[in-house]
Amino acid sequence: MKRVNEKKRRERLEVIDNIKRALEDGDSFRKVEIGDPMPSEREIKRKIVPFDNLRKKSINRLKRAVARAIANKATFMLNSETEIVGLENLAEAKDGAIITSNHFNPMDCTLTWLMAMCAGREKELSIVVQQSNIFMKGFFGFLMRNCNTMPVSSNLSYMARNLKPALKERLEGGELVLIYPEQEMWFNYKKPREFRIGAYQYAAEFGVPVIPCFAEMRECDELDDCGFYKIKYVFHVMKPIYPDESLPFRERRDRMHALDVAAKRECYERVYGIPLDDEFIPERDIAGYKK
């Protein structure tokens, strides 16, 4: 039997308890992870506000090339058993598009990366990340800063003057942008949660489709070093949702939001064979959890 890392197991159990409390408080956007960087306003102004989202500087283009090469290898290593279902739906959106997915693991972006690689579009993929990720240290921090990532921030000036124009340029240039509308990562949480409106705001404003994706988590028989069952992923790619130009802007945006919510709900209920409810049962709702 694999030796259990008790410290890591306690941390995971604490995250599950944080998820339970967040759901009890009706706050599905709450940060539940332990040890995430908490940048100050001064650090945000120094590092996030001038962030080179379009990689205009040559040094940042070089770092991006290195980060992409690492991401390609990591994607294959982490997803040797991952299945992609519905890849033809990505092919339907030939130009710029916003991809949305559930967010449950620090490396779940490799599922979208794998999908893009299978379609030959990995060089066109950008990932919107939380500003705290930019302050991570070490190898993972390097990837978070350089792998065509674009931080979303609490700084409104940055959002309007830096991120939004960068998104516009990438989408109008025919690229793909991954946005997690659930905002925060909830470890191995199977259910789709509430969605922030931002992804649909951009899609409606820039006239691009939203491609709904949902990661299904299947438990394996083998345990990891935290005493949780290891997970195999099935990444479901659903039909693009196009903005209805005949509708006023707000209705156009809200329609895309509602259709994405419905697509992920339908996928969840179909792959797990149970209705989506509000009750939290860790053994059912946290993939791999073992008492």
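The values are calculated or read from the model by the stated rules, or taken from the named source; none is laboratory data. All values reported here derive from a predicted model rather than from experimental measurement. Cβ atoms come from the backbone with ideal geometry, glycine included; neighbour counts cover every protein chain shown.
If G207 meets every condition in (1) surrounded by fewer than 18 Cβ atoms within 10 Å (Cβ to Cβ); (2) more than 19 Å from K168 (Cα to Cα); (3) modelled with pLDDT of 95 or more apart from one, which number is that one?
The single condition G207 does not satisfy is (2).
How about region 30-47: which of its residues are surrounded by 14 or more Cβ atoms within 10 Å (Cβ to Cβ) and more than 21 Å from L143 (Cβ to Cβ)?
Within region 30-47, R30, V32, K45 qualify.
For S246, work out the one condition from (1) hydroxyl-bearing (S, T, Y); (2) outside any strand (DSSP E or B); (3) under 30 Å from M77 (Cβ atoms) it doesn't fulfil.
Status for S246: all satisfied but (3).
Are there strands (runs of 3 or more DSSP E) fully within region 107-186 with at least 2 residues that are among the basic types (K, R) and crowded, with 21+ Cβ neighbours inside 10 Å? List them. Before the answer, list the steps.
Values: elements: 125-130, 149-152, 176-179.
Answer list for region 107-186: none.
Considering only region 196-221, how many residues are more than 18 Å from A263 (Cβ to Cβ) and of a type in the set (K, R)?
1
State which residue pairs qualify: first residue over 21 Å from L114 (Cβ atoms) and inside region 198-215, second residue among the charged types (D, E, K, R) and crowded, with 23+ Cβ neighbours inside 10 Å in any location, beta carbons under 8 Å apart, and separation of 6 or more residues or different chains.
Filtered contacts from region 198-215: Y200/D260.
Pairs, please: C-beta under 6 Å, at least 6 apart or cross-chain, first residue under 19 Å from E216 (Cα atoms) and in contact (Cβ under 8 Å) with a residue 24 or more places away in the chain and in region 248-265, second of a type outside the set (K, R) and assigned to a loop (DSSP other than H, G, I, E, B)?
Taking only residues 6 or more apart or on different chains, the pairs are A263/M238; K264/P192; R265/L276.
The conditions are (1) out of contact with any strand residue (DSSP E or B) (no Cβ under 8 Å at 6 or more places or on another chain); (2) surrounded by 14 or more Cβ atoms within 10 Å (Cβ to Cβ); (3) not aromatic (F, W, Y), and P50 fails exactly one of them. Which is it?
Answer for P50: the failing condition is (2).
Return the total of residues in region 54-94 being loosely packed, with under 13 Cβ neighbours inside 10 Å, among the charged types (D, E, K, R) and either modelled with pLDDT under 95 or in a helix (DSSP H, G or I) (or both).
3
Just to be sure before I move on: is Y233 under 22 Å from the mean Cα position of the chain (by Cα), farther than 19 Å from V177 by Cα and at pLDDT 95 or above in the structure I sent?
Yes, satisfied.
Which residue is farthest from R42 (Cα to Cα), if the candidates are limited to region 131-157 and must be aromatic (F, W, Y) and touching a residue at least 60 places away in the same chain (Cβ under 8 Å)?
Among them, the one singled out is F142.
From the list D27, D36, D52, which one is more than 17 Å from W186 (Cβ to Cβ) and acidic (D, E)?
D52
Since R196 meets every condition but one in (1) at pLDDT 95 or above; (2) outside any loop (DSSP other than H, G, I, E, B), which condition does it not meet?
(2)
What pairs come out if I take residues in region 9-37 that are of a type in the set (A, V, I, L, M, F, W, C) and pair them with residues that are in a helix (DSSP H, G or I) whose C-beta lies under 7 Å away, six or more apart or interchain?
I16/P282; V32/V15; V32/N18; V32/I19; V32/A22; I34/E11; I34/E14; I34/V15
Before we move on, is K191 in contact with an Asp or Glu (Cβ under 8 Å, 6 or more places away or on another chain), in contact (Cβ under 8 Å) with a residue 24 or more places away in the chain and over 20 Å from L62 (Cα atoms)? Can you show your working first?
Values: in contact with an Asp or Glu (Cβ under 8 Å, 6 or more places away or on another chain): yes; in contact (Cβ under 8 Å) with a residue 24 or more places away in the chain: yes; over 20 Å from L62 (Cα atoms): yes.
So K191 passes the test.
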